[in-house]
Amino acid sequence: MEEDIDTRKINNSFLRDHSYATEADIISTVEFNHTGELLATGDKGGRVVIFQREQESKNQVHRRGEYNVYSTFQSHEPEFDYLKSLEIEEKINKIRWLPQQNAAYFLLSTNDKTVKLWKVSERDKRPEGYNLKDEEGRLRDPATITTLRVPVLRPMDLMVEATPRRVFANAHTYHINSISVNSDYETYMSADDLRINLWNFEITNQSFSILSWGPIASWLES
């Protein structure tokens with residue numbers, strides 16, 4: 001009997017500790033990168049959380065399947081389309097990784113209307129010894145500079161930064177439900193219920209519609 005009471009206390013304590021979870025915290029999509037070392041999750045609050053697989057060691061082989069938080073950033077914000085009187089949710093619908101070609105990682109994330117290209121990189125050194133800036137980053141008066149210094153890189157704690165590189169918007173009438181990176185790694189496709197668009201990573205204001213279902217398509221089928 002006492003054991004049952006202790007169990008109920010533990011369960012009630014667990015529920016109280018996790019009562020802070022909200023609708024925005026619900027995961028809406030997950031995606032591994034090509035090596036399986038990183039796992040990206042998107043939630044209804046527009047956030048992307050990247051987990052990194054724990055490195056295997058001789059003493060802790062069982063920890064190989066564990067993932068720790070690597071980076072967290074806000075990918076999308078709620079918007080409002082005034083022309084259509086439509087509220088656009090920030091929920092992340094899909095995430096797609098690009099193959100890694102250097103030390104940085106790149107991924108695509110999309111909500112209902114906008115696709116974004118993100119760069120995730122590590123930084124463990126900081127530059128010091130600027131000539132035109134002081135130690136706090138403020139610009140110095142050139143008239144006060146009498147000597148030149150050689151900038152150097154100093155070690156610092158590892159920092160993971162997520163930077164938006166491209167924003168692809170205003171190409172879908174309906175909600176985007178899928179994105180796919182092509183094998184050339186220069187283009188990708190985005191799809192809604194009635195249209196598939198082809199994008200080039202270097203062009204954000206124009207896409208090519210490769211498939212469209214609409215009144216014309218219905219007329220041709222009939």
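Between LEU98, LEU83, LEU107, the distinction of being farther than 15 Å from GLU37 by Cβ and among the hydrophobic types (A, V, I, L, M, F, W, C) belongs to LEU83 only. Going by the structure shown, is GLU3 more than 24 Å from the chain's Cα centre (by Cα), part of a loop (DSSP other than H, G, I, E, B) and modelled with pLDDT under 90? No: the conditions fail for GLU3.
Report yes if some residue within segment 79-102 is crowded, with 20+ Cβ neighbours inside 10 Å and among the small types (Gly, Ala, Ser); otherwise report no. Within segment 79-102, none of the residues are crowded, with 20+ Cβ neighbours inside 10 Å and among the small types (Gly, Ala, Ser). Residue count for segment 183-211 under the criterion of being in contact with a strand residue (DSSP E or B) (Cβ under 6 Å, 6 or more places away or on another chain) and surrounded by 12 or more Cβ atoms within 10 Å (Cβ to Cβ): the result is 15. Of all residues in segment 38-52, those that are touching a residue at least 24 places away in the same chain (Cβ under 8 Å) have Cβ atoms under 6 Å from Cβ atoms of residues that are open to solvent by less than 10 Å² (accessible area, probe 1.4 Å) and assigned to a loop (DSSP other than H, G, I, E, B), 6 or more apart or on another chain, in GLY42/ILE92; GLY46/SER75; GLY46/HIS76; VAL48/SER75. Picking from residues in segment 67-81 that are of a type in the set (D, E, K, R) and in a strand (DSSP E or B), the one that is modelled with the lowest pLDDT is ASP81. Considering segment 13-41, and only residues there that are part of a helix (DSSP H, G or I) and modelled with pLDDT under 50, the residue that is most open to solvent (accessible area, probe 1.4 Å) turns out to be ARG16. Condition first: among the hydrophobic types (A, V, I, L, M, F, W, C) and open to solvent by less than 20 Å² (accessible area, probe 1.4 Å). Now tell me which residues in segment 103-120 satisfy that. ALA104, LEU107, LEU108, VAL115, LEU117, TRP118, VAL120, listed by residue number.
The values are calculated or read from the model by the stated rules, or taken from the named source; none is laboratory data. The model shown is predicted, which means the values in this text are computed figures rather than measured ones. Cβ coordinates were reconstructed from backbone atoms using ideal geometry, including for glycine residues, and neighbour counts include every protein chain displayed. The accessibility values were calculated without ligands, DNA or RNA, using every heavy atom of the protein model including side chains. Shrake-Rupley method; radii C 1.70, N 1.55, O 1.52, S 1.80 Å.
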